[in-house]
Amino acid sequence: MAHPYNKIYLSDAMENLADAFDTAASVYKFQLDYFLKLFIISGIAVQFEIGNPKYVSGKSGAELVADVVSKTNASKVIMPKPIYKEPTEEYWTGWVLAYYQWCTNKRFRDIQNIITMEELKSKYHPYHEMDEEKIVDYIDMKKDASATVRRLQAYRKALGLSQSQLAKESGINLRTLQQYEIGAKELNKASASTVLALSKTLKCDIEDLI
């Protein structure tokens with residue numbers, strides 16, 4: 001897969017987005033998902049995605065946040081004095097988010113639909129001790145699960161069936177079906193008989209669902 005910008009900028013991009021997330025959380029007291037939305041709305045996310053040197057290496061994380069809040073009027077600009085401290089969970093979240101975006105060439109607005117930043121932060125243990133490729137695999141697994149959920153809902157809605165109707169006609173417990181549709185349970189890991197029953201009721205092939 002083609003990467004969005006040259007690898008020589010990657011370490012700077014990871015460090016700067018990591019520092020931005022840490023600053024947003026510790027100085028501005030922003031929730032990470034809220035800050036990511038501001039980052040996207042400001043237009044700076046798009047520049048980061050394409051590796052604009054002004055943003056991926058020309059500014060510190062604190063300066064990135066200052067630009068974001070200035071462009072979105074989300075807060076007064078605060079410029080903390082640079083001090084060394086141990087990397088936080090928020091720092092790691094920004095670090096691996098930058099790496100995932102570079103590896104996959106996805107837009108930040110699309111990544112937020114795959115995994116929330118709070119969920120990503122919750123994976124600090126044990127993933128911060130692993131190679132970054134492990135968290136890439138985890139997020140990709142979430143992406144595949146999300147695609148399955150969308151397909152299940154799409155086929156059900158195309159036939160004009162409610163969740164209750166689909167549960168009744170397929171013989172699957174309603175609560176279980178609801179969990180599949182919100183991604184709380186993975187349809188890919190369901191028994192063959194469950195997926196077969198759903199595909200027959202939805203008039204599609206098993207491969208269409210998973």
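What the table shows:
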read-out: Pairs where the first residue, in the stretch 70-81, is without any contact (Cβ under 8 Å) to a residue 24 or more places away in the chain and the second is part of a loop (DSSP other than H, G, I, E, B), C-beta under 7 Å, 6+ apart; value: Ser70/Val77
read-out: Among residues of the stretch 75-104, those that are closer than 17 Å to Asp33 by Cα and modelled with pLDDT of 95 or more, counted; value: 13
read-out: Among residues of the stretch 28-66, those that are under 17 Å from Pro82 (Cα atoms) and either within 19 Å of the chain's Cα centre (by Cα) or surrounded by 15 or more Cβ atoms within 10 Å (Cβ to Cβ) (or both), counted; value: 10
read-out: Among residues of the stretch 105-136, those that are assigned to a helix (DSSP H, G or I) and out of contact with any Asp or Glu (no Cβ under 8 Å at 6 or more places or on another chain), counted; value: 16
read-out: From Ile139, Ile172, residue being open to solvent by less than 30 Å² (accessible area, probe 1.4 Å), in a helix (DSSP H, G or I) and modelled with pLDDT of 90 or more; value: Ile139
read-out: Wholly within the stretch 1-66, helices (runs of 4 or more DSSP H) carrying at least 2 residues that are closer than 19 Å to Glu89 by Cβ, polar (S, T, N, Q) and in contact with a helix residue (DSSP H, G or I) (Cβ under 8 Å, 6 or more places away or on another chain); value: 10-26
read-out: Check on Glu207, part of a helix (DSSP H, G or I) and more than 30 Å from Thr104 (Cβ to Cβ); value: no
read-out: Scan of the stretch 79-90 for residues that are open to solvent by 50 Å² or more (accessible area, probe 1.4 Å) and not β-branched (Val, Ile, Thr), ordered by number; value: Met79, Lys81, Pro82, Tyr84, Lys85, Glu86, Pro87, Glu89
read-out: Exclusive hit being in a loop (DSSP other than H, G, I, E, B) and out of contact with any Gly (no Cβ under 6 Å at 6 or more places or on another chain), set Ser70, Ser75; value: Ser75
read-out: Filtered residues of the stretch 175-210 (kept if of a type in the set (Gly, Ala, Ser) and loosely packed, with under 14 Cβ neighbours inside 10 Å); value: Ala184, Ser191, Ala192, Ser193
read-out: Restricting the stretch 17-27 to residues that are surrounded by 19 or more Cβ atoms within 10 Å (Cβ to Cβ) and among the aliphatic types (A, V, I, L, M), the residue that is nearest to Ile78 (Cα to Cα); value: Ala24
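The values are calculated or read from the model by the stated rules, or taken from the named source; none is laboratory data. Please read these numbers as outputs of a predicted model, since none were measured by experiment. A quick note on method: Cβ atoms are made from the backbone with ideal geometry, for glycine too, and the neighbour counts reach across all protein chains shown. Surface areas here come from the heavy atoms of the whole protein model, side chains and all, with no ligands, DNA or RNA. Shrake-Rupley method; radii C 1.70, N 1.55, O 1.52, S 1.80 Å.
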